[in-house]
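Here the structure comes first, spelled out in structure tokens, and everything after it is commentary.
What follows draws every value from the coordinates through simple rules; no lab data is involved. Everything numeric in this text was worked out from a predicted model, so none of it was measured. For neighbour counting, all protein chains shown are included, and Cβ atoms are generated from backbone atoms with ideal geometry for every residue, glycine included.
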Amino acid sequence: MTQQKVDLNTPDGMGRLAALYRYAQVGRCVNGVAHDINNLLGAVLAYTELVQLEPGLTENGQRMLDNVLEAAEKCASLVSALTAIAWPERESQDMVDLGALLREMSLLRDYAFRNGRISYELILPESTPSALVDGPKLRWIILYLLLNAEDAVADAEAGARIIRVELSSGSGGFDISVWNPQVTDLDPETVFLPLNTSRNTGLGVGLFLARDLAERIGGTLTLDPRKGFTVHLPGVSSG
């Protein structure tokens, strides 16, 4: 897999920089919109639950209301996940349920995976651990890795469009690994360099930023062809 360096002195390089800036401005709007959507969803959920209490509700009507509730709850989860990554960066450490965080980030890319016919697998231990960690930054690390994997397999044969995320115990902490078949073609020494990309549509900063964030929260991000990109962070408290 050859890598192409993005030159900001060219129209193509400036176009990518402009796209990045544009996406950043969209992010500024997300929190306000998400707040309004949550209010509207709250009304949908409340009125649906009230209708379910009405006497004489048919079995078919109950089933349809259950579908409405399920859809509204999933929408609320999506909005919550989107808000979590759109919130302005701040220093914070909280006990974070790692399994819930990974499911949340997976949900954000669920439509893209289905639309791209990508086989996605999330492997979690029976009892998912919680860790004292900067949750917002960890969410961004996972999102960057998922987006990178998604781009890597986008043009692969159907059987090779696979992304696997696994949470496991590491030495004195935990490991979150994001693997796809294309990682065997990458150079572990150069893959994290900024402004390097193997795709014409890429900015070449995702992996660089993911590793920087991992180090800022006291962890590491490495590449192992057998496990993929692995985030290691210390300090697990089993939940």
Mind ranking 43-56, 167-180 by how tightly packed they are, going by the mean number of other C-beta atoms within 10 angstrom, highest first? 167-180, 43-56
Return, for the Cα atoms of the range 46-205, the radius of gyration and Dmax in Å, separated by a comma. 19.5, 67
Subtracting the Cα-Cα distance from 0.36 nm times the residue separation, let me have the gained length for Met95 to Ser77 in nm, one decimal. 4.6 nm
Table column - 3J(HN,Hα) (Hz), the range 114-122, Karplus curve with 6.51, -1.76, 1.60, x for Gly and Pro: 5, 5, x, 6, 9, 7, 10, 10, 10
Listing Leu146, Leu40 by rising number of other beta-carbon atoms within 10 angstrom, fewest first, gives Leu40, Leu146
Derived scalar couplings ³J(HN,Hα) [the range 93-104; Karplus, 6.51 cos²θ - 1.76 cosθ + 1.60; whole Hz; x for Gly, Pro]: 9, 9, 6, 10, 6, 5, x, 5, 4, 5, 5, 5
Treat each spin label as a single point 7 Å out from the Cα along the C-beta direction, and report the Arg117 to Ser168 distance in nm. 3.1 nm
What residues have an amide H closer than 5 Å to that of Val205, excluding those fewer than 5 places away on the same chain, when H is modeled at 1.01 Å from N in the peptide plane? Leu195
Obtain the nm distance between the two label points defined at Met64 and Ala160 by a simple spin-label model: each point lies 7 Å from its Cα along the Cα-to-C-beta direction. 4.8 nm
Hey, can you grab everything whose amide H is under 5 Å from the amide H of Asp175? Only 5+ residues off in sequence or another chain; H modelled, so Pro and N-termini drop out. Ser168, Ser169, Gly170
